1. For the residues 672, 455, what sequence is obtained by ranking on other C-beta atoms within 10 Å, fewest first?
2. Would you mind calculating the gained length between residue 637 and residue 331 on full extension (0.36 nm times residue separation, minus the Cα-Cα distance), in nm to one decimal?
3. Starting from the amide H of residue 290, placed 1.01 Å from N in the peptide plane, find each other amide H under 5 Å away whose residue is 5 or more places distant or on another chain.
4. Under the rule of at least 5 residues apart or a separate chain, name every residue whose amide H is placed under 5 Å from the amide H of residue 392.
5. Enter the Cα centre distance for the pair region 737-816 and region 105-128, rounded to the nearest angstrom.
6. Quote to one decimal, in nm, the extra length available between residue 299 and residue 558 on full extension: 0.36 nm per residue of separation minus the C-alpha distance between them.
7. Compare the peptides 85-93, 102-110 by average per-residue count of other Cβ atoms within 10 angstrom and give them in order, highest first.
8. Counting other beta carbons within 10 Å of each residue's own, what order do 360, 196 fall into, fewest first?
Amino acid sequence: MPASPHLFGTGRFGARAAALTVSAALIAAAPAPFTAAPAAAATTAHPSTYVDPFIGSTNGGNTFPGATAPHSMIAWSPTSTKGDQTDTAAAGGYSYDTTRTRGLSLTHVNGAGCHPGAAGDVPIMPFAGDVTSSPSADTKDAVYASDFSHANERATPGRYSVTLDSGVGADLAVTERAGVGDFTFPSGKPASLLFRVSNSLNGSEDARIDIDEKRHKVTGSVLTGAFCGRRANGGTNNRKSYYRLYFTASFDRAFSTRGTWKDGTLSPGSTSGSGGEGYATGADRAGRGSGGWVGFDPSADNDVHMRLGISYVSLDGAEANLREEIEPRASVDAVAAATARSWDKELGSVRTGGGSEDRRTTFYTAMYHALMQPGVVNDTDGRYPGMDGKPHRLAKGQRAQYSNFSGWDQYRAQIQLLALLEPEVAGDFAQSLYNFSEQNGGVWDRWVHINGATHVMTGDPSAATLATFYAMGVRNFDYRGAFDSLARQATEPNDDGLSDAGCPGQCTGQRPNLGQYLTSHYAAQDTCHCWGGAAETLEDAVADSALGRWAKLLGRDKQAAEFSERGSWWRNVFNSEATDGAGTTGYIQARNLDGSWVTPFDPGSDRGFAQGTSATYTWMVPQDVRGLAERMGGPSKAAERLDAFFHKPDGSWSVKGGDALRYDPTNEPGIHAPWLYNALGQPWKTQETVRQILDTVYGTGPAGLPGNDDLGTMSAWYVFSALGLYPRTPGSASMLLGAPLFPHAVIDRPGRTDIRIEAPLADSAHPYVSALHLNGRTYDRSWTDGSLLRSGGTLAYRLSDRPDTRWATAESQLPR
């Protein structure tokens, strides 16, 4: 395997020594007896070389290609522009389809759905020219920006480089909280670096820059926040600041020029400046903001080396982070190599053997995207910004304070993958969310960005998340205190739950109008103070079911019974008489406080729902699939309806989205639906449906994700599905079983027994399971209980090119 090749263009690696091979004899022959030790295909020693950071950078994936480390604070990546300084070409700041940039920003969030997305703080623009006017006055990004070609752009885990059409080159590498950059300027032209301190993706309230000529340093900060701030209530509810990012940048040479600007005023020679842009859009924000620049004499040396550190606590914290993480003379090559090793360790938690080159690229890139989150927000000295706006310090035993929790998205797949592969990180993440809630009056926010409660989306995903962590064996957090806190929020009404501030989309209450919900046993559409009554009911039922399972594991039987009963309240918004007008009856439907159904009803409408329709949400009962099937007329009838959810009337597949009545792979409420066939006694349909999605919805190249990655959620779906596993329901360690993509895979679990997956015939022609052995014994169930995760073991599959309608179909063996 070559050492960490760069990616060009779409990120295809091109020719490479075949490190993973499966002999033709193994593929062609019948599988070895299950009692024999399976022939293991060779596995890669450097999985980071298969990662293509450009996957998902178009088609709405909102990923970014820049330099980042596992769970890092810094993510140094380009901000694209289409000619509007107050907007970007994509929610995350980068779009593969837009080849013009206005700077290299220090912070990013992977796959966030709001436009503009989170962060994109402090774009640093290398500029081959003299600064003769205020860059903030360049509202169309016509002067202080540059085109580039993908042929001159490279990205690998931990490193990003680009040569702009202006002739300037930038080569960046990062650690967790710091980075190094080499900037090469064309001969015969002025060489400048612009620090756009106020130009975060969402704007800013304030920003500051200071230039220290004597020490060859630039320092500063930006006060910003406002995630999703242009969305709720016409974009006014969340236009608020909740964090300040500090940075320090030191250089290996003296400055030849310097200056600052504010709004339209340029101040050559100035060494300090300040001013924010505000959070508006277009003309209300255009031309505002502040920053500064430093210039260099390129006549003797046209290369500028910069070391940079960041902090959410203080400038001193940024300085300390830089000192601790990057040596004074560290090169880009050295930092990049160290971070690539960190990614190899991270990605090596799943070792695959066999399979095609493209599948390995898609798989390890999905792991890469899934394991970017959560991101560390504490400094090396343990200090971090609290949700109360005050600095706090890590408690004894906590290794990191993490943030960036897109709960409504992540609780369905990403947090399960985190618990499976990185239980210590999962525990610190759980403690982090608990810490934030304690600093927020006991309220757990459903979308936490840095130290801000943004209230984005609906439901109570924190309950589902922490219950799942505990069920999957995560213990390194105050699980009793966290359970008590979440149970209290689910049982004691809070005044925030009676507010419509931010609705829809960012309703402030953790459990909106809880008093009414506990009385009616559903969220009333006309009084719920939520995004949609039907969706809120389903989300809360999932959360309560998870809390019930957690309570049971804690030995709190009374609470377990109460929350488990509440987990069945989804039935109160299932209308057996609701019809699509074409013969199908029985749908989830919103209700009013007086018990009446919200009409008119249309299964393709989002009335009563959040980012989805009744046709999709009707399947969102993972905790009680058999109960849902009974309401639909039995498992066979439910399976027929599920068939219609994945197929058009002519029988062709409909799994790419765009049809309000059918499966949408781009959003979360229905992403578990392909796996529901297991509980309906038709697991071969799960196998063929999942394989269809893996093969046609996901792939290599910039369009290789179906839509917003949503902080690794869509990528985690791919990782699980490629392994032939999927979480059965939140609050549980049970896994549903499908057909693996790879002939060989090992889930490496230090200190615990590994999970091995052997499927010698795994390839495009064998998507069906015909037999399975678990630890050498015949296994006739399409699911496992928590013992597989607790004890590890080997799943040995016999795969087939045709459906086996007998395996795992016995009524007594179905998931319940």
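1. Details: 672 21, 455 26.
In order of increasing Cβ crowding within 10 Å: 672, 455.
2. Contour length minus the Cα-Cα distance gives 103.8 nm.
3. It is 198, 263, by chain and number.
4. Amide H neighbours of residue 392, under 5 Å, 5+ apart: 384, 386.
5. 41
6. Between residue 299 and residue 558, full extension yields 85.5 nm more.
7. 102-110, 85-93
8. Lowest count first: 360, 196.
Coordinate-derived values only; no laboratory data. The structure displayed is predicted, hence computed values, not measured ones. A quick note on method: Cβ atoms are made from the backbone with ideal geometry, for glycine too, and the neighbour counts reach across all protein chains shown.
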